[in-house]
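> Below are the structure tokens for one structure; questions will follow.
Since every read-out is calculated from the coordinates, none of them should be taken as a lab result. For clarity, every value in this text was computed on a predicted model and none was experimentally measured. Using ideal geometry, Cβ is built from the backbone for each residue, glycine included, and neighbour counts are taken over all protein chains shown.
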Amino acid sequence: MSSSSTYRIELLDPAKHRRDEFDCGVEILNDYLKRRANQEMKALAAACYVIVPDGDPGRIAGYYTLSATVIELTRLPDPLRKKLPRYDQLGAILVGRLARDNAFAAERIGEKLLLSALLRSFRESRQIGAVAVVVYAKDEAAAGFYQRFGFLPLEGSRFYLPMKEVPKWNPSAGGA
């Protein structure tokens, strides 16, 4: 794909999107998209969004999932914790999976997906309430990727970005 390609992000539609062609090089992520994503969407356990080239809207260049999660207040640093309600747990949005097809390695698809997930999370947090976006980094490279976007360590491989920080990465989020 050329770097001048344009893309759109939409909900996974098994009747339209060719899941069997997707290969990010990580079998568990390939398998999730091919066999489990649609089932989880039907069960309302996760929403799966795909990024597709405008010129081939059935081809999946990458995907991410969103679902609800919680953060224990005691896990957050004092400066942030002092600004939040004193509940034991607070609502957050989990980016459960994020993967890019190897054929699109030069297209910055991972960045496009994460920015979309952040903007979508911010917009939803205004409707339902969520104090942060949470991710799990599968390895050090993924941890570095998330940290470049301001994600902070939470526990183990879990990182978070306070929702109030999202507009810094998505200026259009501002008053969304």
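> In a Debye calculation with equal point scatterers on the alpha-carbon sites of segment 1-61 and no solvent, what is log10 I(q)/I(0) at q = 0.11, 0.21, 0.29 Å⁻¹?
For the requested q values the scattering log ratios are -0.24, -0.83, -1.29.
> Can I ask one more? Would you mind ranking Met41, Met163 so that the residue whose beta carbon has the fewest other beta carbons within 10 Å leads the list?
On the way: Met41 17, Met163 22.
Ranked by crowding around the Cβ, least crowded first: Met41, Met163.
> Any chance you could tell me what percent of the C-alpha pair distances in segment 90-176 go past 18 Å? Spell out each step's value before the answer.
Details: 1507 of 3741 pairs.
In whole percent, the share of Cα-Cα pairs in segment 90-176 beyond 18 Å is 40.
> Which lysines have a Cα lying under 27 Å from the Cα of Lys164, excluding residues fewer than 8 positions away in the same chain?
Result set, ordered by chain and number: Lys82, Lys83, Lys112, Lys138.
> Tell me, rounded to the nearest percent, the portion of alpha carbon pairs in the chain spaced more than 25 Å apart.
Result for the distance tail: 33 percent.
> For segment 7-169, what is the percent of antiparallel DSSP beta bridges, rounded to the nearest 5? Can you show the working numbers first?
On the way: 28 of 32 bridges.
Antiparallel bridges make up about 90 percent of those DSSP assigns within segment 7-169.
> Right, next: Skipping prolines and chain starts, which residues have an amide H placed within reach, meaning under 5 Å, of the one on Ile60, given they are 5 or more residues away or on another chain?
Close amide H contacts, sequence-distant or interchain: Arg18.
> Which order results if Arg75, Arg19 are arranged by neighbouring Cβ count within 10 Å, fewest first? Show your work: numbers first, answer last.
On the way: Arg75 14, Arg19 19.
Going from least to most buried by this count: Arg75, Arg19.
> Related question: Would you compute, from DSSP H runs of 4+ residues alone, the mean residue ellipticity of the chain at 222 nm, taking -39500 (n - 2.57) per run and dividing by the full residue count, rounded to the nearest 500?
Computed mean residue ellipticity for the chain: -7500 deg cm²/dmol.
> For segment 45-50, just list the computed ³J(HN,Hα) in residue order, Karplus coefficients 6.51, -1.76 and 1.60, θ = phi - 60°, integers in Hz, with x standing in for Gly and Pro.
So the Karplus estimates, Gly and Pro as x, are 8, 7, 10, 10, 10, 10 Hz.
> Counting alpha carbon pairs within less than 8 Å and at least 6 residues apart, what relative contact order, in whole percent, applies to segment 85-168? List each step's numbers first, then the result.
Working: 84 pairs, mean separation 27.0, N = 84.
RCO, segment 85-168: 32 percent.
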